[in-house]
Amino acid sequence: MKIHTLSMIAAALLLASSAAWAGSYVSHKSMHQNLACVDCHQEEVGRTPPPSEACLNCHGPMQDLIKKTEGFKRNPHYTPHWGDTVPCYTCHKEHKKSELLCANSYCHMKNFEGVTLK
């Protein structure tokens, strides 16, 4: 009887926490307001980062993005370390503030002055 009751409580908590988790990640940046989770994450509830292909389907091929940002002191879409292989979600965050992977206090902070992420 105790095990059954504990199992029921655990299941209720699990369902409540997963619903809360899903509900807390529904905000989008203005340009993506009409997208559903499945449009980018390729699953009903986006629990894993979307593949870069999902971003590139709308935002264009990587070569075009590299060309758009070639005037920066350091091109954030083509790095000397990894070329164009860094997944989009590494820097671009849909549900929280975006951040440049390389522009941190340990690496190239000053080399990315003037670069802003949307």
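For the stretch 68-92, a residue qualifies if it is of a type in the set (Lys, Arg) and surrounded by 14 or more Cβ atoms within 10 Å (Cβ to Cβ), and exactly one does: 74. Does the stretch 58-65 contain at least one residue that is surrounded by 14 or more Cβ atoms within 10 Å (Cβ to Cβ), outside any loop (DSSP other than H, G, I, E, B), charged (D, E, K, R) and at negative phi? Within the stretch 58-65, not a single residue is surrounded by 14 or more Cβ atoms within 10 Å (Cβ to Cβ), outside any loop (DSSP other than H, G, I, E, B), charged (D, E, K, R) and at negative phi.
Selection within the stretch 11-47: residues that are modelled with pLDDT under 50 and assigned to a loop (DSSP other than H, G, I, E, B). The member of this set that is farthest from residue 97 (Cα to Cα) is 24.
The values are calculated or read from the model by the stated rules, or taken from the named source; none is laboratory data. A quick note: this is a predicted structure, and the numbers were derived from the prediction, not measured. Cβ sites come from the backbone with ideal geometry, for glycine too, and all protein chains shown count toward neighbours.
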